[in-house]
Amino acid sequence: MDNGWEVVTQLPDRTPWIDPDPEWDITQFEDAMRAVLYKPPFKALLFTVPQQVYAAMSAVMHGQPEGHAEDVPKASQVTRRIFLRLMQDLRSAQQLASMGYAPQAGTIGTTVAEIAFEVAWIGRDEARAEAWLAHEKRNKTVQAYGDRLKLVLSERYEQQEHRDAIEEFEIGVYRELCMMKHANSVLQQSMGSFSTGEFEYFSPIPAPSPMTVRVAAFAMYHVCRLCLDASMDFLRVTQPGTPEHQARTAAAITGLMGDLVAAFEAVDRVAAQMDAQEEQEAQAYLARRAAATAGTHRD
């Protein structure tokens, strides 16, 4: 079965970007980018796994009991609203990443990072849910991201060393996503163009460059990872269905996490190949120039 993880050995076809069709508009270039990224190994990370994560989240959500609003605990109402937002953000990020709008997918990823732990923070705590519902300040959330993360980790892990390591990792991911959100020049100087050795092409139209692939892969990996983590939290908090159903759902989420890691690693390997091939093209161009210059001097 095609799982979309096969490793390619050539750069994606860039003909539509190097020799553009004058009749094309932006939507046709976006469709061309989707066609490039729908092939292995990009397909698994940018299409297949995100869709499977969304389906898993839907399954968890549909297991929730229905009833009149006054009969549903406030904590249950709040965690559902947060979880639904995560599902929407997952789809939004996937749509952007699959068209090559990689930093924009990362921008949505910052929101995912900020609220992914909110399900666990609310949990079954009616007081926190009441505070969430009563919150009125538009310029800040009911609980700061960093404070919420620390509190969730302190409730989840006993060992301080373990908590510190996970906190450092999550904050590091969040900073990388914020770099995309704020168009930090560390990243932006490598975006918006691609090289064929001889020419550097600049365009607002997304093109299949190694950096675009790397940024899209990073964004989608962590958006999916955080959504799966939140799904597990939501499952623990709400405990829908029978214990057997909960165990099957948890096993499915764990399996998806393994698929996600494999898909990311496959794309990472190909991005390295793309880097190497771009470098080879650049070196070949320089060699041709040097040879041509030497020939001119001999004449």
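Numbers for the structure displayed
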item: Three-way shape call for region 15-160 based on the alpha-carbon gyration tensor, with the a/c threshold at 1.5; result: prolate
item: Dipole in debye (nearest 20) - region 172-299, about Cα centre, beta carbon charges: Lys, Arg +1; Asp, Glu -1; result: 180 debye
item: Prolate/oblate/rounded label for the chain (Cα gyration tensor, a/c 1.5); result: prolate
item: Exposure rank, largest accessible area first [H135, H162, H222, H62; 1.4 Å]; result: H62, H162, H135, H222
item: Unsatisfied cross-links (Cα-Cα over 31 Å) in the set K43/K137; K39/K140; K43/K74; K39/K181; result: K43/K137; K39/K140; K43/K74
item: Principal-axis tilt of helix 102-115 within the chain, Cα atoms, nearest 10 degrees; result: 20 degrees
item: Highest-fluctuation residue, S193, S231, S154 considered, GNM on the chain with Cα pairs under 10 Å; result: S154
item: Most mobile listed residue (A284, A271, A93) in the chain, GNM with C-alpha springs under 10 Å; result: A284
item: For region 10-40 and region 212-234, distance of Cα centres in Å; result: 25 Å
item: Counted charge near S209, where neighbours are those whose Cβ lies closer than 14 Å (Asp, Glu -1; Lys, Arg +1); result: -4
item: Residue-averaged [θ]222 nm for the chain, counting only DSSP H segments that reach four residues, each worth -39500 (n - 2.57); result: -23000 deg cm²/dmol
item: Nearest 10 degrees, 0 to 90: helix 210-238 Cα axis against the chain principal axis; result: 10 degrees
item: Signed unit charges on C-beta, dipole axis of the chain, positive-most listed residue A105, A144, Q246; result: A144
item: Region 143-191, accessible surface, carbon-and-sulfur percent (1.4 angstrom probe); result: 47 percent
item: Dipole magnitude of the chain, debye to nearest 20 (Cβ charges: Lys/Arg +1, Asp/Glu -1, about Cα centre); result: 400 debye
item: 14 Å beta-carbon shell around A272, net charge (K/R +1, D/E -1); result: -3
item: Between 0 and 90°, nearest 10: helix 243-298 axis offset from the chain longest Cα axis; result: 20 degrees
item: Accessible surface, per residue, of the chain when the full set of protein chains is kept, probe 1.4 Å, Å²; result: 53 Å²
item: With every protein chain in place, region 235-295: carbon and sulfur % of accessible area (1.4 Å); result: 59 percent
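The values are calculated or read from the model by the stated rules, or taken from the named source; none is laboratory data. Computed from a predicted structure; not experimentally measured. Every residue, glycine as well, gets a Cβ built from its backbone with ideal geometry; the counts of neighbours run over all protein chains shown. Side chains included, ligands, DNA and RNA excluded: accessible areas come from the protein's heavy atoms. Shrake-Rupley method; radii C 1.70, N 1.55, O 1.52, S 1.80 Å.
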